């Protein structure tokens with residue numbers, strides 16, 4: 001069949017008159033080799049099963065495209081916040097290669113794309129999540145789920161007292177609070193003896209002043225380390241935390257006035273060749 005087509009093409013190009021001339025005869029002898037050939041159809045070739053067959057990372061690209069299609073298909077479903085979503089531990093990149101039999105060299109930045117898609121799919125509301133999506137998430141999850149840590153919540157003891165801790169610079173303050181008539185003891189001393197400076201006393205009672213709770217709580221403060229300013233501000237932070245335990249509705253007011261924010265600043269070290277931390281020596285021309 002192939003030979004017949006080739007010879008008809010030669011006759012059509014040169015004409016039947018010149019088909020046996022000395023120029024065409026070698027061509028006819030060469031084409032006679034195709035007499036035993038059979039026409040092979042295109043069906044004998046294997047068609048690629050995957051659309052990513054001709055890419056460098058076939059298995060990885062297939063998984064990435066399948067996750068994108070699932071997200072596109074169910075993107076209109078209701079979602080929950082990240083905190084409310086089911087806690088899952090995704091497989092590491094090595095576990096992913098072993099489970100999916102992926103032999104390509106996958107970069108961590110590329111695998112991070114799959115993790116981001118899984119995180120977005122996991123935010124679908126569990127009530128409306130289809131079974132197909134659950135199976136896909138289980139396929140990429142580890143065997144064990146995240147063990148939620150028990151969140152510690154401070155509360156009052158049997159005597160109605162609260163114990164809180166505050167820190168500032170090198171000072172650490174521990175404050176016991178209980179409802180009373182406004183007595184304040186600092187390391188066994190009254191407030192005026194422990195903090196002679198007015199500014200330190202004002203910073204210590206500032207949380208009680210802005211919440212209008214002066215004279216309603218008795219305070220027993222144990223503070224050590226640092227100077228007087230650091231001790232006063234550390235005690236103020238501990239008092240603010242104690243007020244939140246006694247009256248949780250005061251949290252917003254204290255947070256708004258930065259009373260619940262821990263000041264993490266530290267004294268900058270002195271540099272060699274300088275008089276102080278940032279001060280430089282006076283420049284002299286001669």
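Each reported figure results from applying straightforward, stated rules to the coordinates on display, with no laboratory input. All values derive from a computational prediction rather than experimental measurement. So basically every Cβ, Gly included, is an ideal-geometry build from the backbone, and we count neighbours across all protein chains shown.
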Rounded if a/c under 1.5, otherwise prolate or oblate - the stretch 58-140, Cα gyration tensor axes: prolate
Under 19 Å from a point placed 7 Å out from the Cα of residue 269 along the Cα-to-Cβ direction: which residues of the stretch 151-173 have their backbone N that close? 169-171
Between residue 249 and residue 197, what length in nm is gained on full extension when 0.36 nm per residue of separation is reduced by their alpha carbon distance? 15.6 nm
Rounded, prolate or oblate (a/c below 1.5 giving rounded, otherwise prolate when a/b exceeds b/c) for the stretch 131-286 by Cα gyration tensor: oblate
Under 19 Å from the 7 Å Cα→Cβ point of residue 132, by amide nitrogen: which residues of the stretch 68-83? 68-79
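On full extension of the chain, what length is gained from residue 110 through residue 285, given 0.36 nm per residue of separation minus the C-alpha to C-alpha distance?
On the way: separation 175, 0.36 × 175 = 63.00 nm, distance 5.98 nm.
The residue 110-residue 285 span can extend by a further 57.0 nm.
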Compute the length gained on full extension between residue 161 and residue 212: take 0.36 nm times their separation in residues and subtract their Cα-Cα distance, giving the result in nm to one decimal. 16.4 nm
Förster radius 45 Å - calculated FRET efficiency between residue 66 and residue 256 (Cβ-Cβ, nearest 0.05): 0.40
From fewest to most C-beta neighbours within 10 Å, the residues 157, 63 line up as 157, 63
Relative contact order %, the stretch 156-280, counting alpha carbon pairs below 8 Å whose residues are six or more apart: 32 percent
Test of understanding: ordering 136, 186 by Cβ neighbours within 10 Å, fewest first, what list do you get? 136, 186
Taking neighbour Cβ counts within 10 Å as the exposure measure, how do 241, 286 sort from fewest upward? 286, 241
